[in-house]
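Working notes for the structure below.
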Amino acid sequence: GDSVTQMEGPVTLSEEAFLTINCTYTATGYPSLFWYVQYPGEGLQLLLKATKADDKGSNKGFEATYRKETTSFHLEKGSVQVSDSAVYFCALSDDVGGAQKLVFGQGTRLTINP
Amino acid sequence: DTAVSQTPKYLVTQMGNDKSIKCEQNLGHDTMYWYKQDSKKFLKIMFSYNNKELIINETVPNRFSPKSPDKAHLNLHINSLELGDSAVYFCASSHSGGNQPQHFGDGTRLSIL
């Protein structure tokens, strides 16, 4: 079945550092790809998405490019802030009869120190 | 203002009890979901309803029964609770279609004593 693999965490960086969180996927078709973020005590929020190969999703300084040839969707940010501390989830979606089945990676906990 | 709201936020109960979690969305979405997040933060889909019809039913014990009285509500009833049911349960909603983002509630933390 479809699956998503993220880099193991936790990841700890200093403020203004460059961030990369790796994500690769296995899928039979051409899924849409997402990054969701979960702040402590909250539900997941969509961070960005890409729906086809070579699309770049971006939001709040974060970017990720849908790479079909390497089946990857790595998350990057040029200069992180303390407020970026959260758990980040990479996910792919399968359309199942109108519903969207999200398959998540295991999540990567990011901590940014001032 | 809350887009997807779940109640209760915390649920502490004993093994063997029956409990329900309620979910409501005011976004006009036609599809709703239940997810389970375990202690290691791993998220897995349990159920999905599209226009009140059950569409996704993952490998979940039949002690778990979702009910969708209308498109804006999806409740989760759990019978004979077990220790392994302790987790955070998230409700979400979206428009139909594979590339539509899902909107999540803040979760219900279920603790079984």
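Structural remarks
- Subset of the range B:66-99 (residues that are touching a residue at least 60 places away in the same chain (Cβ under 8 Å) and farther than 27 Å from residue B:17 by Cα): B:93, B:94, B:95, B:96
- Criterion (surrounded by 18 or more Cβ atoms within 10 Å (Cβ to Cβ) and modelled with pLDDT of 95 or more) met by exactly one of B:37, B:25, B:14: B:25
- Of the residues in the range B:11-31, at least one is of a type in the set (Val, Ile, Thr), part of a strand (DSSP E or B) and within 14 Å of chain A (Cβ to nearest Cβ).
- Elements of type strands (runs of 3 or more DSSP E) in the range A:56-114, at least 2 residues being away from chain B (no Cβ under 14 Å) and over 27 Å from residue B:39 (Cα atoms): A:56-59, A:62-65
The values are calculated or read from the model by the stated rules, or taken from the named source; none is laboratory data. Since the structure is predicted, the reported quantities are computational estimates derived from the model, not experimental observations. For neighbour counting, all protein chains shown are included, and Cβ atoms are generated from backbone atoms with ideal geometry for every residue, glycine included.
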